[in-house]
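As structure tokens, the structure follows; a few thoughts come after it.
The values are calculated or read from the model by the stated rules, or taken from the named source; none is laboratory data. All values derive from a computational prediction rather than experimental measurement. Note that we place each Cβ from the backbone using ideal geometry, even for glycine, and neighbour counts take in every protein chain shown. With ligands, DNA and RNA removed, areas are computed over all heavy atoms of the protein, side chains included. Shrake-Rupley method; radii C 1.70, N 1.55, O 1.52, S 1.80 Å.
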Amino acid sequence: MLNELYLLALNLKSSGVEQEPVHVDFGEPGLSSYQNFHIALEAPGRIAFARPLETPESFWTLKKGNFKFFPAVRLSSPLVDLPPDAPQRADFKKTTGEVLYRLLEETPLSLNEFEFKSEREQARRILAWKHKDSESLGILKDFATAFDGLASKPREFSRQLVDALSHTLQGNLDERALKACEALLCGLLKESKNKTLMVEARVQLIFDWLPENKLSGVLYSPRIRRLALDCLNSEEASSHKKAPIQQFECALEKEGEMSPISGPFPDWAAQPVIAKAFKPFSKFSDASCNFRYGRADSEGFPIGEKTAKALISAGNFITSREKMGKNWRPLKNGRFEERNKKKAEASDVLIAVPLYPHADFATVSILAAPMRADEEEKEDDVPSAGKAKARWVEFRQMAESYLQALEKKADEEDLSSSYISFLLLRQISPGQVQLAYSAAPSREHLAECIREWLRAGENLPPSLRVPLPSAKAPSGIGSFPPAILYPEQAISSFPYQWMRDGFESSPVQAPPVGRLLDLFFLKDRTTGDTARELLDELFPRIAPLLVAMGNALHRVDQDGGELREFVLKHSKSQPSPCYHFARTLSLLGLLLHHLNQKRENYMNSTPFEIGKLLAIMDYLHTCYCMVVRDGDIPPSLIGNGLLGRSADSPEEAFAELQERSRIYIGWARSVTPGKLDGVKKKAAEDAVVLLKLADPLCNSLHEGEFSEAMNSAEKAHLFLGYLSFSMGN
């Protein structure tokens with residue numbers, strides 16, 4: 001990762017981006033694994049308010065080692081010493097503000113007292129700082145003085161925090177905020193490995209300063225942040241004057257004099273996706289594996305101190321909140337992790353540089369749908385129909401704008417030598433991050449990749465339609481052509497195993513995201529091995545969904561029944577079947593394109609014709625049931641029931657279809673629509689039309705040879721033939 005960061009730093013420098021100072025003792029507090037409270041202090045050392053943190057902000061913190069932070073403070077126990085078996089906890093099965101407030105008001109409180117020794121040392125450290133920005137420094141010193149004074153009286157601190165929390169509980173709090181209040185007040189119950197209950201209090205207080213006549217805290221402004229960094233680096237510069245200068249050769253910078261980095265790398269984070277700060281290089285000296293080579297800590301990779309800081313500064317800049325959705329964004333990776341006792345799809349950090357192909361254009365937008373403002377902090381949510389619908393964005397319109405941006409300066413620049421770097425960072429454990437994928441296409445090659453992706457998105461039968469919710473349709477269900485997917489949407493088709501007639505799915509691990517990105521960046525455009533492997537992995541996962549959706553589609557009454565179940569009804573904890581179905585069809589066309597199987601060819605293949613014949617038999621079956629059985633349609637239609645057999649043993653399935661369809665074909669040849677009326681007349685007329693369509697297909701298939709089981713590509717032809725036929729064709 002160091003080489004990529006170095007190139008990023010050079011890119012930003014050539015773009016005229018000012019390097020922000022960094023320091024090993026400066027970072028951002030981790031928020032994801034704690035119940036976080038925003039605590040405002042006011043003169044002369046009083047707690048003005050204590051509120052659960054609603055949305056993450058750009059906080060900063062001084063730190064000492066890996067665990068000591070300031071102004072963020074982590075508590076080792078809750079405010080009130082309440083045992084796990086205390087009678088009051090019986091009311092916490094459904095936590096409400098009234099229950100917690102009653103605990104504060106009616107129970108004799110045994111308050112825990114907190115010693116803030118290291119945090120008070122950091123406050124006194126601030127009091128020794130000097131800086132030319134006296135106004136900002138005055139704010140910092142006022143806060144440090146107030147905190148040191150209050151923290152010196154542990155009982156008074158706990159009492160004030162209880163009073164502030166009591167006031168907060170009188171407001172209207174949501175479930176998440178109430179859980180945070182419970183954790184701070186008396187801790188949350190957790191079952192240990194030996195099945196005994198214990199109290200867990202993972203609470204972080206993020207202190208702020210509220211000057212007189214101000215409505216909100218002022219401690220975390222960019223100006224104060226920069227001042228804190230300047231003061232830290234001034235401290236470091238003073239200590240370096242006393243240390244002897246060492247001569248060494250930096251592994252990255254070959255020119256210029258510099259001192260080697262004498263300690264660990266500064267930290268870097270990409271919140272909220274990678275919340276825990278990490279170091280781009282670390283060889284811990286206590287790890288036995290590093291003794292083998294005799295190079296550990298800062299000796300593991302010789303690098304100058306200024307260069308190391310420049311790398312972290314570049315990382316901080318490109319993953320700042322201001323650049324989110326422009327130069328970096330979360331990218332779903334098809335892997336699941338446990339969050340709040342639920343499985344949620346994890347995200348990587350996608351970075352794209354240079355800053356823009358041209359001004360005000362989001363470089364990362366080519367790989368994922370543009371982020372909405374309300375999505376930025378909701379990456380932990382379980383996928384739902386609403387989120388899926390929000391991401392169903394037309395790729396073509398964005399791609400055309402992107403192509404114009406790439407080629408805007410074509411007359412001025414050599415597009416074949418102008419590169420855009422894409423990096424994918426993955427957190428493999430808290431504090432450990434690896435480079436999961438990288439690509440550096442020229443602007444000319446990237447334009448070719450986009451055009452090829454557009455062509456791949458059109459590699460589906462023109463008649464193919466998918467049912468999706470629509471407010472404009474009288475039934476609430478509209479019929480739409482499959483959209484061209486963003487690469488992230490294509491990735492999201494893999495991490496689910498569909499089952500139980502397509503109504504349920506189970507999270508499974510997706511193939512490495514880099515394999516699908518290889519398709520986008522045309523790294524395997526000659527052999528098609530990647531597309532073939534992905535298709536082999538995809539089909540067993542989505543076949544039950546395709547079968548179930550086909551069974552729901554091929555019924556005469558499409559305004560109700562199973563189709564409405566699929567499109568409009570689903571579990572909130574499950575991905576929406578209809579949107580997943582739509583994405584899957586688009587992905588099938590894309591993978592076939594990369595196997596050099598174009599629709600004008602595969603639509604004439606034997607598997608495609610078998611699929612089309614099975615669909616015709618489904619419709620004929622429903623027509624027969626509408627007339628002869630008064631609309632009593634069985635759970636499985638004749639063609640649908642033979643889909644799996646057709647893929648594994650097409651010759652046997654075709655023979656069985658001939659035998660089982662005799663009754664329906666004989667009826668269609670003898671029925672007289674004129675003697676019927678209403679729905680039955682329409683069904684009989686449809687049956688006559690279907691019979692005329694089936695006859696040439698049957699004759700063609702009689703002459704063909706299809707004794708072997710189908711491979712994944714042929715199965716895709718089969719299902720596309722089956723799903724692309726409808727009575728409206």
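Assuming R0 = 30 Å, what is the FRET efficiency of E115 and S438, from their Cβ-Cβ distance, to the nearest 0.05?
Working: r = 47 Å, r/R0 = 1.56.
It comes to 0.05.
Using 7 Å Cα-to-Cβ label points, what is the D163/C698 separation (nm, one decimal)?
My value for the distance between the label points is 9.0 nm.
For segment 566-678, just run the numbers: alpha carbon Rg, then divide by 2.2 N^0.38 Å, N being how many residues it has.
Normalised by 2.2 N^0.38 Å, the Cα Rg of segment 566-678 equals 1.34.
Given a cut-off of under 8 Å on Cα pairs at least six residues apart, what relative contact order in percent is computed for the chain?
Numbers: 1172 pairs, mean separation 78.5, N = 729.
The normalised contact order for the chain reaches 11 percent.
Given the Cα-Cα distance of A471 and D81 and 0.36 nm per residue of separation, how much length would full extension add, in nm?
135.0 nm
Given a 1.4 Å probe and the protein chains all in place, what does the accessible area of F521 round to, in Å² to the nearest 10?
For F521, solvent-accessible area is about 10 Å².
Taking a threshold of 29 Å on the Cα-Cα distance, which of the pairs K130/K323; K63/K132; K64/K309 fall above it?
K130/K323
Compute the FRET efficiency between N194 and S134 as 1/(1 + (r/R0)^6), taking r as their Cβ-Cβ distance and R0 = 35 Å, and round to the nearest 0.05.
Details: r = 58 Å, r/R0 = 1.65.
Calculated value: 0.05.
List, largest first, the extents of the alpha carbons of segment 1-118 along their principal axes, each in whole Å.
Here the spans come out as 64, 36, 24 Å, largest first.
Along the charge dipole of the chain, which of P222, A40, L676 sits closest to the positive end, that is, farthest toward it, with unit charges on the beta carbon of Lys, Arg, Asp and Glu (+1, +1, -1, -1)?
A40
Using alpha carbons only, what's the Rg to Rh ratio of segment 496-625 with Rh from Kirkwood?
Rg divided by Rh gives 1.01.
Please compute, for the alpha-carbon atoms of the chain, the extent along each of the three principal axes and give them in descending order in Å.
In descending order, the Cα extents are 100, 70, 51 Å.
Quick one: Cα centre-to-centre distance for segment 6-53 and segment 95-124, in angstrom?
25
What percentages make up the Cα-Cα pair-distance distribution of segment 482-555 when the bins are 5 Å wide from 0?
Calculated P(r), rounded to whole percents: 3, 15, 22, 22, 19, 11, 6, 3, 0.
State, to one decimal in nm, how far the label point of N596 lies from the label point of S636, with both points 7 Å from Cα in the Cβ direction.
Calculated label separation equals 3.9 nm.
Work out how much length R455 to S262 would gain on full extension: take 0.36 nm times their residue separation and subtract the Cα-Cα distance, in nm to one decimal.
Going from the current span to full extension adds 64.1 nm.
Give the calculated FRET efficiency between S479 and Q397 to the nearest 0.05, with a Förster radius of 25 Å applied to their Cβ-Cβ distance. It would help to have the intermediate numbers written out before the result.
Values: r = 21 Å, r/R0 = 0.84.
FRET efficiency, S479 to Q397: 0.75.
Counting pairs of Cα atoms in segment 433-528, how many percent are more than 16 Å apart?
71
Using just the helices of the chain, give the 222 nm mean residue ellipticity in deg cm²/dmol: DSSP H runs with n ≥ 4 each add -39,500 (n - 2.57), and the total is spread over all residues, rounded to 500. List each step's numbers first, then the result.
Numbers: 25 runs with 311 residues, N = 729.
Using -39500 (n - 2.57) per qualifying helix, the result is -13500 deg cm²/dmol.
For a label point 7 Å from the Cα of D174 along Cα→C-beta, name the residues of segment 38-57 whose backbone N is under 18 Å from it.
From segment 38-57, the list is 38, 51-57.
Kindly list the residues of segment 191-226 that lie in the label zone of E322, defined by a backbone N under 18 Å from the point 7 Å along the Cα-to-C-beta vector.
In segment 191-226, the label zone of E322 (backbone N under 18 Å from the point 7 Å along Cα→Cβ) covers 219-226.
S670 versus S726, label points 7 Å from Cα toward the beta carbon: distance in nm?
With each label placed 7 Å out from Cα toward Cβ, I get 3.3 nm.
For R223 and K153, compute 0.36 nm times the residue count separating them, minus their Cα-Cα distance, and round to one decimal in nm.
22.1 nm
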